[in-house]
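The values are calculated or read from the model by the stated rules, or taken from the named source; none is laboratory data. Please read these numbers as outputs of a predicted model, since none were measured by experiment. Here the Cβ is made from the backbone with ideal geometry for all residues, glycine too, and neighbour counts use every protein chain on show. All accessible areas refer to the heavy atoms of the entire protein, side chains included, with ligands and DNA or RNA removed. Shrake-Rupley method; radii C 1.70, N 1.55, O 1.52, S 1.80 Å.
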Amino acid sequence: MSDSKLAPDTDPLDLRRIQRERRARVVIAVVVVAFIVCIPLLLFRTTAFKLEIGPERANETLRISTHEGVAMALGKRILLFGQSTKFRVESVGFHLYESQIDRSNKERVLPILMSPLPGSVTIKVQASSDVWLEFQDSDVSGPPPLSMELERGVYLVSVTGNQIVPLQHEFQVVGYGEPQEIQLVTEESSASMTVQVIPSTADVEINGIPVGRGGYSGTIAVGTHEISFVAEYHLPHRQQITVGVNEDVDLGLVELRPQPASLEVTSMPSDASILLDGKYVGSTPSRVTIGANRAVEIKVRKPNFVTQTATLELLPGQSVARSFNLDPVKIQAEVTSMPEANVWLNGERKGTTPSTFVVHVGDIVKVTKEGFASQSVEISAAGPNKRSLNFTLVDEFQDTYNKAPELLFVQNTITLRKVPPIQVSVSIPTEVAGGSESNAREFELTRAFYLGTHEIRRKEYAKFATSLTVDTSNENLPIAEISWAEAARFCNWLSSQENLESVYVFRTNGEIATNPRALGFRLPTEAEWEAATQLDIGRNAVIGVYPWGNASIPKTGTGNYSGRESRQDMHPFLNDHLDNHSGVAPVGSYRQNANGFHDLGGNVAEWVHDFYESKSHGWNRKLRDPLGPQSGLDRIVKGANFRTHDLKEMYVNARKVVGLKDETVGFRVAKWIW
C-alpha cells in the first residue's frame, strides 16, 4: 500500500514508522541480491591454506584467527580472499604463534610447530640449617624456596650447606605453563673443621664466607671447600680441602707471613747497583721489595764511586724512600811532560809540569805549550788509585802532519800521497852542469805536502774543460798539450770543488801571482818534484841521478821512454831500452817508485810551479822552501817523456822549457798540509 492510499486520519507517528520499515526491507533485499551475486565471485577469488599444527597436544585447545586483509579462518584452514593476511595460532600451554601468508605462496599446506610455555617450578628444602641451591650449567642459584620458570627438560639441582650432606637431585620439568613443586629432604652431617691462625686478628673464610677470627672450630659441609685466611699487613693464605661425611678435619696452626715492605732507592749519579743482603736486585732509580720485621743491609755501588751501605728494618706494608749521594773515588795523578808545559784539569789551570793533584774518573787532564800541539787524556775507570800521566809534546806542525791521512782522495779518481818535511843534498851530474866543476843541489822543505800519485788524466781534466772529447780509449791517458796557465786554472778549479782557498791569483794585467799561505791545489815546486823523485824518503837515502837509480840504461818497467818499440814510428830511440808503449801510455802503466809515485821519470814531462831562470839557478847554496825565481818568461818542465831518448834529459836535476804547450808535457797536482 502506498503512502497516498493511507487513511486520512492515520497518525503521523505511525506514518513515519511505516516508511522506515519499507526502506529497511528495500536495503535488505539489495544486500541479499548483492551477496547472492558476490558468492560466485568470492569463491572464484578464494585461496585456501591448510595448517598442519604440532605437537598433537596443541590441537586440543586450538584457536586460529586472521587480521589485516580479507580472509577468514575455517577450522584448520584459512581462506584468503585478498592479496595477503596475517594470522595467529593460540593454544593453552603454548606460546602464541603469528605469521603472514600471501596469495603468491606456492605451498598450500603450512606446517606449524607450537613452542610449549616453560613450567613454573618451586623447589623447597627440608633442612635444619641454612642451605644453598644451585643449578648445574646455569647461573640460577639462591636459598630455598626458589621459584623460577624453566623450559621443558631434565635439570640437576645441588643442595649445599655447612651442616648437611651435599645433595643432588634430578627432575623433569613438564612445561606447558603448569606449576610444579619439588620437595627435597636433606641429611644432617656431623663433619667438622678445626684451625688456629697467627695473627689472632686473621679472618677465617669458608668459600668466601667469614666463619671466625683467629681460628675456627665447628661444622663444615661435606665436599670440597676453599679455606682463606686474611689479615691486615699480611699476605693472604688459601688452601683447598675435601671433607667426607662425618669427617673431622684439623688444619693445625696456620701462620701468615707479614706483607713485605717497599723501598724506593735513588742515587746521584743514577744507574748504581742495589744489593739487598749481598744480592743484586736492580739499579737506581728503582723500587724494591724487602722483608718486614727484620734488619736488611742495603748497598749502593757504582764503578769509580765510593760504595754506600745502610741498614733498615721496616714494618709490614710500609713504604719508604731512600736516596744515596755517591762520592767519586779519588785518584792521585802525577803529571809530567817533555818539555815543561801548562797543566789543566777540566779547563782549570793547575800549574806547570811536573804536578800532582787529585782527579776522578771522567776528568780531563790537558797539557799545553805555545808552539806545540796540546795533548789531553780522560781519566779512565780501569787503573790504580795512583797514576802517572806522562806527555811527550810535538810541535804543532808535526802534530798536523801526524793527523793528516796518508792518502788524500779527490773527485773519486785523483789520489795524493803525504810527503813529510825533508832535507835533500845531492851532487849535480857534470853532464847537467855542463862543466868539470862539482855542483851541489841542497834544500830543506819545512812544509809537509801532498803530491799526486799519478799525472792528471784526460777524464779528470774534462770535468774542468768540458769541451775536451774523452772516450774509453783515451780517458786514462795523461792530459797533455796544455799551457802552464791552463794547468794552474785547473788547480784553482779543483780547489773550489773542495772548498779550499786558491793558490793562484789571475790578475787583469795577465800576471799570475801566488798565495803561499793558501792550502788549495797547485803545481808541485821543482824542489818537491825532485825530492819525491830522487830520494827514498822512508830510508832517507838517495835513489840515484836518474829516477830509476844510477844505471845508464832505464830499468825495465820503470817508465815510458823512447826505446826500440819506437823504431816503427821513425823517432830517435835508445837501442838498449824497450818498453810496452811507443806513444803515451795510460797513467800507472809502470811500477811506482820507492815513495809510491808513478811516471815521474817518463810518459809525459810535467809542469812545475817555478819560473825558469837558468839551468844552475839555486845550485851550490842551501835553500829553504824554495819557490823559484819571483818572475820569468817560462816555467820549468821536469822529467823525461815517451819521446825522450837522450840520457842527459833523463837526469832528475835536468831542467827544460817548452813553448806555450807541447804534446809531451802534462802535470800532476800538489798541496801543502799547512
Sequence-separation-based contact order of the chain, relative, with Cα cut under 8 Å and 6+ spacing, percent: 7
Convex hull volume per residue for the range 520-623, taking Cα atoms only, in Å³: 148
Sorted peptide list for 385-393, 600-608, 77-85, criterion being average Cβ within 10 angstrom, highest first: 600-608, 77-85, 385-393
Local electrostatic count, ALA29, Cβ distance below 12 Å [Lys/Arg +1, Asp/Glu -1]: +3
Probe 1.4 Å - accessible area at HIS571, Å² to nearest ten: 60
Whether the chain is rounded, prolate or oblate, judged on the alpha carbon gyration tensor where a/c under 1.5 counts as rounded: oblate
Contact order normalised by residue count of the range 413-555, Cα under 8 Å, 6+ apart, percent: 17
For the range 92-197, alpha-carbon Rg over 2.2 N^0.38 Å: 1.65
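If you take the alpha carbon radius of gyration of the range 448-510 and divide it by 2.2 N^0.38 Å, what ratio comes out, to two decimals?
Relative to the rule-of-thumb radius for its length, the range 448-510 sits at 1.22.
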Computed [θ] at 222 nm, deg cm²/dmol, the chain (DSSP H ≥ 4; -39,500 (n - 2.57); rounded to nearest 500): -3500 deg cm²/dmol
Antiparallel %, DSSP beta bridges [both residues in the chain], to 5: 75
Shape parameters for the range 564-674, alpha-carbon atoms, Rg then Dmax in Å: 15.5, 49
Qualifying GluC sites (Glu not before Pro) in the range 367-406, DSSP loop, other Cβ atoms within 10 Å at most 16: GLU370, GLU406
Modelled label reach - GLU442, point 7 Å along Cα→Cβ, the range 534-549 residues with backbone N closer than 17 Å: 542
Accessible carbon and sulfur surface of the chain relative to its total accessible area, %, 1.4 Å: 50
Solvent-accessible area per residue, Å², over the range 194-303 with all protein chains present [probe radius 1.4 Å]: 54
SER483-SER616 FRET efficiency (beta carbon distance; Förster radius 30 Å; 0.05 resolution): 0.70
Distance (nanometres) between label positions extended 7 Å along Cα→Cβ at ILE112 and ASP646: 13.4
Distance in nm between pseudo-label sites at THR352 and ARG591 (7 Å out along the Cβ direction from Cα): 5.4
Orientation-averaged projected area, Cα convex hull of the range 139-200 (nm²): 6.4
Label-zone membership for the range 481-503, site ALA465, 7 angstrom Cα→C-beta point, backbone N under 16 Å: 481-494
Loop trypsin sites (Lys or Arg not before Pro), the range 458-550 (other Cβ atoms within 10 Å of the site Cβ: 11 or fewer; DSSP): ARG507, ARG517, ARG539
Cα-Cα over 19 Å, subset of LYS366/LYS418; LYS86/LYS106; LYS350/LYS403; LYS615/LYS648; LYS459/LYS671: LYS366/LYS418; LYS350/LYS403; LYS459/LYS671
Distance (nanometres) between label positions extended 7 Å along Cα→Cβ at SER200 and TYR233: 1.6
Sequence of MET268, MET570, MET114 from largest to smallest accessible area, 1.4 Å probe: MET570, MET268, MET114
Set of aspartates and glutamates near LYS386 by C-alpha distance (under 17 Å), chain-local residues within fewer than 8 positions excluded: GLU334, ASP363, GLU378
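Calculate, for SER388 and GLN630, the FRET efficiency according to 1/(1 + (r/R0)^6) with r their C-beta to C-beta distance and R0 51 Å; round to the nearest 0.05.
It comes to 0.45.
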Highest-first arrangement of 274-281, 229-236, 118-125, 662-669, where packing means the average Cβ count within 10 Å: 662-669, 118-125, 229-236, 274-281
Shape call, the range 254-367: gyration tensor on alpha carbons, a/c limit 1.5: prolate
Additional length obtainable on full extension of the chain from LEU519 to GLU151, 0.36 nm per residue less Cα span: 122.3 nm
Relative contact order of the range 114-192, pairs being alpha-carbon contacts under 8 Å that are 6 or more residues apart, as %: 41
At R0 = 41 Å, FRET efficiency that the Cβ-Cβ distance of SER262 and LYS330 yields, to 0.05: 0.75
